[in-house]
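Following: one structure in structure tokens, then a few remarks.
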């Protein structure tokens, strides 16, 4: 029984091995679907060079004349702009063939379109790459063939040196012609148009995107005859850029178009006309704009904060008193605190002057700065700040020993600062002028301008005031930092280089360093005043350190003998018995 069961089992296994199951592959309904998709793909057309006016309804109407259109797919870029290409799906291949035959290279909305059967992406890519490779290889072969032909001709000429004069003349003429033909392409220069210099060409902005060259031409013919009217088009997308060039036959007609102003319209858009600029000039302007963008924008003029700063240990700090340096560091600390407020900025024309003598008045201050700023400089303001609580008999307040000086131009203010700042020849060596650019508040400046406007309105002569006549500072004039400056003037600022403000720790370290340098300078001065004999008296001899001299009796052999004696004596010593060994 067991044997029968095992035999039955083996037979079942063999039967299972023989039966391999159903054949692998797609089921019947999937195959049917794939056949339908193939039919659909064959009935699909690709339309190129489509006008941008084209819509889905227009395309359906145009291609629906030749058969049933199932779907229309207009291609667009990620930004929503049209590509000028579309796919049209027909219900049958016969309709697609008919449409391709009747519409290929025929106008559609005023533009010739190319119609072809759509291909699979892989097949299309292979064909395009193959075409590119063929185009690249062709010119190389042509060049080689041309080179071989020329070499053969030269060999023939050399092999036949003796010939008639007529043959020589004909050969020479042929050679000249061939040389001319060969040399002309290298000698030809690219054509450069000079339409701009003639003044007949104008550049137009705000052109409607759906306008054509013919529409623009019809619009501009009202001023005179034209050579051309071309709308600028983006190459990859073939979209209108909204700009155009128009060249007139006469310059007078171009001037009329420029003078038209807002009256000149096209399809509801007001055309903005400008005289055309040469391409080189346009490039120069663009380069200048790019340079201005690349330079860091410093609206608060923070680079001027470091102008005139005296660093401890530098040449400018030589001879500066400790009191002056402490005052300078205090002013610098005040600057850092003020400039934390984003509503403040550094003035380019106004200076702050510290360490002024108590007896000085506004006239003296103005005369001093006028002298050192130059003959062309105009001092707009020179004022010493006074304490009006403490007034003398004449009603003049006590001087606070600092003031403000304002110029009309930045160059003059900078020249005055570099000439007067830390100058030992102005007041005194120990009491030098401390000058820096003033830190202003935007809100305070606006309030001041409002007050001035109000006073002008109240004043009957305000109607005579012309704001354009006021000389303003030129924004393009900046300090380079490479100018020749006196050694005492301190750090020179450079436009575009914004340095970090120094911390309190750095300022305190500067004060210590300057104090040490002053101390050393005083010592050197004292020593220089003393005579040689006085210096010798002041000099104290320091006692020399004691050095242990070598004893003459010290000898190596004696030391060894002494050591052996001590050891032998230790051995000879009597043995001391313990208390419990004693009888």
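The values are calculated or read from the model by the stated rules, or taken from the named source; none is laboratory data. Small disclaimer: the values here were computed from a predicted structure and weren't measured. So basically every Cβ, Gly included, is an ideal-geometry build from the backbone, and we count neighbours across all protein chains shown.
Taking residues in the stretch 418-439 that are outside the structural domain of residue 306 (by the TED database) and within 17 Å of residue 384 (Cα to Cα), and partners anywhere that are modelled with pLDDT of 90 or more and not in a helix (DSSP H, G or I), not one pair has Cβ atoms closer than 7 Å while being at least 6 places apart or on different chains. Restricting 346, 309 to those that are within 33 Å of the chain's Cα centre (by Cα), under 18 Å from residue 423 (Cα atoms) and buried (at least 17 other Cβ atoms within 10 Å of the Cβ) reduces the list to 309.
Among the residues that make up the stretch 424-434, is at least one of them assigned to a helix (DSSP H, G or I), modelled with pLDDT of 90 or more and touching a strand residue (DSSP E or B) at 6+ places or on another chain (Cβ under 8 Å)? There is no residue in the stretch 424-434 that is assigned to a helix (DSSP H, G or I), modelled with pLDDT of 90 or more and touching a strand residue (DSSP E or B) at 6+ places or on another chain (Cβ under 8 Å). Can you tell me which residues in the stretch 75-94 are in a strand (DSSP E or B), in contact (Cβ under 8 Å) with a residue 24 or more places away in the chain and under 14 Å from residue 52 (Cβ atoms)? 82, 83, 84, 85, 86 - these are the residues of the stretch 75-94 that are in a strand (DSSP E or B), in contact (Cβ under 8 Å) with a residue 24 or more places away in the chain and under 14 Å from residue 52 (Cβ atoms).
Residue-by-condition table, conditions (1) at pLDDT below 65; (2) surrounded by 10 or more Cβ atoms within 10 Å (Cβ to Cβ); (3) part of a helix (DSSP H, G or I):
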{"site": "540", "(1), (2), (3)": "no, no, no"}
{"site": "544", "(1), (2), (3)": "no, no, no"}
{"site": "566", "(1), (2), (3)": "no, no, yes"}
{"site": "569", "(1), (2), (3)": "no, no, yes"}
{"site": "574", "(1), (2), (3)": "yes, no, no"}
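Considering the stretch 301-417, the qualifying strands (runs of 3 or more DSSP E), each wholly inside and each with 1 or more residues that are within 30 Å of residue 521 (Cβ to Cβ) and touching a strand residue (DSSP E or B) at 6+ places or on another chain (Cβ under 8 Å), run over 344-354, 397-407.
Residues are listed down the side, and each one gets a yes or a no for (1) surrounded by 14 or more Cβ atoms within 10 Å (Cβ to Cβ); (2) under 20 Å from residue 414 (Cβ atoms):
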| site | (1), (2) |
| --- | --- |
| 339 | yes, yes |
| 360 | yes, no |
| 379 | yes, yes |
| 384 | yes, no |
| 395 | no, no |
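Beta carbons closer than 8 Å, at least 6 apart along the sequence or on distinct chains, pair a first residue in the stretch 353-370 that is at positive phi and assigned by the TED database to the domain that holds residue 430 with a second that is part of a loop (DSSP other than H, G, I, E, B) and buried (at least 18 other Cβ atoms within 10 Å of the Cβ) for 355/432; 355/433.
When each of 229, 276, 244 is tested for being under 24 Å from residue 197 (Cα atoms) and at pLDDT below 90, the lone residue that passes is 276.
Give me the residue from the stretch 239-291 that is part of a loop (DSSP other than H, G, I, E, B) and over 31 Å from the mean Cα position of the chain (by Cα) and, out of that set, farthest from residue 76 (Cα to Cα). Among them, the one singled out is 250. So, in the stretch 209-227, exactly how many residues are touching a helix residue (DSSP H, G or I) at 6+ places or on another chain (Cβ under 8 Å) and either in contact (Cβ under 8 Å) with a residue 40 or more places away in the chain or in a strand (DSSP E or B) (or both)? Of the residues in the stretch 209-227, 1 are touching a helix residue (DSSP H, G or I) at 6+ places or on another chain (Cβ under 8 Å) and either in contact (Cβ under 8 Å) with a residue 40 or more places away in the chain or in a strand (DSSP E or B) (or both).
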